[in-house]
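Everything below concerns the one structure shown next.
None of the figures in this text is laboratory data; all of them are computed from the coordinates on show. Keep in mind the model is a prediction, meaning the values are calculated, not measured. Using ideal geometry, Cβ is built from the backbone for each residue, glycine included, and neighbour counts are taken over all protein chains shown.
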Amino acid sequence: MKKFGVDDVFTPENPVLSAYGAVVTNIAHIPAALTAVMRENGARPDFATEGSLALKPWFGSSQGLALPPALGLPVVEAVPPYNEQIDRLEKQIGAIFPRQPMKDASGASQMAPRTQVTSLHGVSMLDAARHPFESNLCLALLLEPAGENDRALLNLVVGAEVNLHGTPALAAAEAAREAGSSPNSVLAAAAALVGPRRVEGARRAVSDLVDRFAKAGLKNALDEPFDLGAYRRRPRPEPCWSEPSLTPRPSRCLPPHGLAAPGRHSCAILRAWAAIRRQTPCSPPQRPPSPGDR
């Protein structure tokens, strides 16, 4: 400081400097200090100032918290080509888990050496045994137990697929059982016929509906008061949701009264059911729905 002829540190709020220089303790203050010292020596910039060196975050989320201005910085558009990459990232729906080998590497299921108790995604089977089946099903697929509303929706989905009457998988299981196969072989025979093509139509339907509701601006699937006026259907939907190779089952022909039952909340679920009904031909039920129907 004595060499520069100053008695304090340079900051934008307290610009202490001389023609010899300035002392800074924050790297972000160097451009301002250098500009001030150059001005003190009669040097001017070669071109007009453009922009600023202030923090310009490309991402930001306060999670609904009221942050002070120093922390709640406004989000600005990134410079090319990063703005295009961020725009594509904003359109991505759902979580993406990293691909990795499952054998001896994922750590999905482990057994404690001392207690010999198995855990799945960090949840002990002793604790998982206290949870409903729907909660553990969500734990295995999404790495965390299901909440109350998720359990109600999963209960409906699992119940809708319980009836296997007329399906090739049930016929294969019965044929394997009649042939005297072991229980594991019977299950394997049925599982061999439950391939990706069996649910290809449903996967396409879900993907299409997720994209359409995302474009409509739906941020929270539980936001039932959301205005669906922005939801638009294609003028001529592509017939890609149907599954002609499958025999229609009664679960596909039930009206959506089970979806609208108390305890099941979803903004898009009734609209999704109506869209799927338009694409999946089936005959209406032969009796009025009862409170016990799923």
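Miscellaneous remarks
- Dipole of the range 69-225 [Lys/Arg +1, Asp/Glu -1 at C-beta], most positive-end residue of Ala191, Ser207, Val76: Ala191
- Shape call, the range 1-45: gyration tensor on alpha carbons, a/c limit 1.5: oblate
- Loop-located chymotrypsin sites (Phe, Trp or Tyr not before Pro) in the range 1-56 whose Cβ has at most 13 other Cβ within 10 Å (DSSP): Tyr20, Phe47
- Taking other C-beta atoms within 10 Å as the exposure proxy, Ile86, Ile27, Ile93 rank Ile27, Ile93, Ile86 from fewest upward.
- Loop-resident sites, the range 103-197, for trypsin sites (Lys or Arg not before Pro), counting at most 16 other Cβ within 10 Å (DSSP): Lys103, Arg114, Arg130
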